[in-house]
1. What nm value, rounded to one decimal, do you get for the distance between residue 50 and residue 272 when each label is placed 7 Å out toward the C-beta?
2. Which order do 231, 190, 150 fall in if you start with the one that has the fewest other Cβ atoms within 10 Å?
3. Rounded to the nearest 500 deg cm²/dmol, what is the calculated helix-only ellipticity per residue at 222 nm for the chain, with -39500 (n - 2.57) per DSSP H run of length n ≥ 4?
4. Using Cα atoms only, what is the angle between the long axis of helix 88-104 and the major principal axis of the chain, expressed in degrees (0 to 90) to the nearest 10?
5. On a 0 to 90 degree scale, rounded to 10, what angle separates helix 13-26 from the longest Cα axis of the chain?
6. For the chain, which span is the longest to avoid every loop-located (per DSSP) member of GluC sites (Glu not before Pro) having at most 14 other Cβ atoms inside 10 Å?
7. Check each of the trypsin sites (Lys or Arg not before Pro) in the range 1-46 and keep only those in coil by DSSP with at most 13 other C-beta atoms within 10 angstrom; list them in order.
8. Going by the alpha-carbon gyration tensor, a ≥ b ≥ c the square roots of its eigenvalues, is the chain rounded (a/c under 1.5) or, if a/c is not under 1.5, prolate (a/b greater than b/c) versus oblate?
Amino acid sequence: MRFWFARNGGVPIREQLLTQVVLGILCDELAPEQRLPSTRELARRFRLHANTVSAAYRQLEKGRWVEFRHGSGVYIRKVKPALPPTSTLALDQVIASLFRSARELGFSLSAVQSRLRQWLALQPPDHFLLIEPDEELRRIVIAEMRQAVTFPVAGESMEACGSAEKLEGAIPVVLMNRKEPVRQVLPTGTELLALSVQSVPRLLDQWLPIPKDTLVGIASRWPGFLELARTMLIAAGFHSDSMVFRNTIEPGWQRGLKQMAAVICDSVTALEVPRGCRVISFSLISKSASAELRRYQQFISDPFA
């Protein structure tokens with residue numbers, strides 16, 4: 001994974017490193033069990049203070065993103081993926097495991113077949129349900145999901161996990177960083193679809209290197225987007241004085257944007273930016289996540305296709 005650091009941008013180096021590692025994990029650029037550069041190696045390569053790198057790693061460990069292995073280094077924590085089967089062989093293995101478990105419990109083949117027919121006859125889910133406590137982030141992700149699929153999409157806060165009424169007919173969906181907290185409060189056995197997020201460095205690569213004195217606007221009504229953009233742009237070489245931030249909840253946020261070289265914004269705000277502005281729209285969910293949603297939609301619409 002490529003790292004960027006800016007020393008005079010107003011964002012601490014520790015925060016820049018922390019943010020980039022977490023994003024790398026969420027968008028699968030950093031794989032489970034992958035070893036991160038050592039404190040000394042990272043400090044030497046980027047001329048950073050070793051204590052700064054060490055502090056960032058400790059915070060990542062506290063957040064359970066990484067683990068320290070004595071005498072070996074710092075590694076991305078191992079996460080067992082709960083992904084749907086991707087081949088006929090994998091599906092056969094799941095079915096075989098089901099019948100083997102049923103046999104060990106003493107159930108007859110006819111009993112298993114009868115129960116399976118009942119399950120297949122059940123009313124299939126009729127909508128995706130995004131579970132996200134941040135209302136503004138939820139609003140953006142729902143809009144992106146609706147662009148990816150024609151299946152209905154609704155959104156709720158974490159409280160929905162304990163409501164049988166709100167979960168009825170729904171396929172619960174979360175962003176990858178909410179997967180474990182949500183899974184812990186959902187009823188046992190509930191299927192949960194976790195969406196990976198877009199890679200910020202890959203998006204920015206096409207705009208680098210950055211011309212000096214370039215003035216850019218960053219617009220969103222989600223504070224998390226504004227903060228994330230600030231951290232990543234500074235790390236990529238933008239000067240803090242060359243960025244103009246606009247919270248789109250505030251009146252008059254569109255004024256002056258036409259004078260910017262470009263306006264960086266989330267996919268919802270992109271539709272509200274004045275005409276004539278050069279818009280760099282950043283989708284939060286990845287292309288693979290959109291494809292996964294479409295696969296789920298296809299399966300629900302015709303499970304025997």
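What follows draws every value from the coordinates through simple rules; no lab data is involved. As the structure is a computational prediction, the values presented were derived from the model and not from experiment. We place every Cβ from the backbone using ideal geometry, glycine too, and count neighbours over all the protein chains shown.
1. Between residue 50 and residue 272, the label points sit 4.9 nm apart.
2. 150, 190, 231
3. Result for the chain: -12500 deg cm²/dmol, rounded to the nearest 500.
4. In the chain, helix 88-104 runs at an angle near 50 degrees to the longest axis.
5. Computed tilt is about 30 degrees.
6. 34-167
7. 2, 7
8. It comes out oblate by the Cα gyration axes.
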